[in-house]
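Let me begin by presenting the structure, written as structure tokens, before commenting on it.
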Amino acid sequence: MRNRDTMLSDLRAMRPAIAPSMLKCDFGNLHRELELLTTSGAPLLHLDVMDGHFVPNLSYGPMVIERIRTRTSLPFDAHLMISDPARYLDEYIRVGCEAITFHLEAVPEPLSLLREIRRRGVVAGLAINPETPFSAAEPFLRECDLFLVMSVRPGFGGQKFIPDVLSKVTQARSAAGPDLIISIDGGVSKSTIGACARAGADVFVAGSSVFDEPDYKSAIAELRDIAITSRPGC
Ligand code: DX5
Ligand code: ZN
């Protein structure tokens, strides 16, 4: 398992990165999906954890992640869409999550948990829902390694991208500078990724736009090419 320093430098070096969202994979054939992803050039896996309480859907938790960990050495970027994430932190670290992102809306205040995640040697991420303003997250960006901007309501894959959230990506990039890893999650596709990259995002979570395609490798490569050519300054 990578420590925080290694994970952070790996994440920064792989930008722009396409992060397949395992929510959309075929769970009936997980082993095969992991083999395909490993050979597809995916630089990391995005693991969507849902508790049926913070969001109106259930996905999977540490037991499944622990089994996935035995099948791949790709970095794990866990997106916890759960209430009371502090309570479950130990479990997600134990099963091998090298970046852990929780929601600002799920905690009374995020600072202590961000600091605890870092203290434990894990990349600390903060996520915000589409309706949460940037100003609510801004005071905490200094304590974040990764800022995840939701571009759909959390809970389900396959939803339509909400372009209004892009201003939060731009604001975060100008407030925090180049080191902050900014991830965008929900509805990222060939037609929306260019705008995300132009706004300053550098990790692009992709569920449907990878798993609904017949060839994961070319889907990831095409998305990444668009992100590269759309980056500010290109
Ligand atoms: C939604 C999840 C996303 C989602 C992405 O709550 O956080 O990661 O599965 O799937 P698509 O790319 O299909 O929107
Ligand atoms: Zn996600």
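Throughout, read-outs are computed from the coordinates displayed, never taken from laboratory work. For clarity, every value in this text was computed on a predicted model and none was experimentally measured. Virtual Cβ from ideal backbone geometry, glycine too; neighbours counted across all protein chains shown.
Some notes on this structure:
- Just one of the listed residues (ALA219, ALA176, ALA227, ALA206) is more than 16 Å from ligand 2 (Cβ to nearest atom) and touching a Ser or Thr at 6+ places or on another chain (Cβ under 8 Å), namely ALA219.
- Top-ranked residue of the stretch 172-197 - restricted to ones that are of a type in the set (S, T, N, Q) and either away from ligand 1 (no atom under 15 Å from the Cβ) or under 23 Å from LEU47 (Cα atoms) (or both), ranked as surrounded by the fewest Cβ atoms within 10 Å (Cβ to Cβ): SER174
- Matching entry among SER209, SER191 (being without any contact (Cβ under 8 Å) to a residue 40 or more places away in the chain and assigned to a helix (DSSP H, G or I)): SER209
- Matching residues, the stretch 48-69, being within 14 Å of ligand 2 (Cβ to nearest atom), over 16 Å from the mean Cα position of the chain (by Cα) and acidic (Asp, Glu): ASP51
- Residues of the stretch 198-226 satisfying the condition of being of a type in the set (A, V, I, L, M, F, W, C) and closer than 15 Å to HIS46 by Cβ: ALA201, VAL203, PHE204, VAL205, ALA206, VAL210, PHE211, ALA219, ILE220, LEU223
- Residues satisfying the stated conditions in the stretch 179-203, i.e. away from ligand 2 (no atom under 16 Å from the Cβ), of a type outside the set (Gly, Ala, Ser) and more than 19 Å from PHE140 (Cα to Cα): LYS190, ARG198
- Flag for ARG142 being surrounded by 15 or more Cβ atoms within 10 Å (Cβ to Cβ), more than 16 Å from ligand 2 (Cβ to nearest atom), among the charged types (D, E, K, R) and not in a loop (DSSP other than H, G, I, E, B): no
- Considered as a group, the residues in the stretch 45-64 that are aliphatic (A, V, I, L, M) and free of Cβ contacts under 8 Å to residues at least 40 places away in the same chain include one that is farthest from ligand 1 (Cβ to nearest atom), and that residue is MET63.
- Filter result (crowded, with 20+ Cβ neighbours inside 10 Å and either of a type in the set (Phe, Trp, Tyr) or within 16 Å of ligand 1 (Cβ to nearest atom) (or both)) within the stretch 145-154: LEU146, PHE147, LEU148, VAL149, MET150, SER151, VAL152, PRO154
- When the stretch 162-188 is filtered for residues that are in contact with a strand residue (DSSP E or B) (Cβ under 9 Å, 6 or more places away or on another chain) and outside any helix (DSSP H, G or I), the ones remaining, listed by number, are ILE162, LEU180, ILE181, ILE182, SER183, ILE184, ASP185, GLY186, VAL188.
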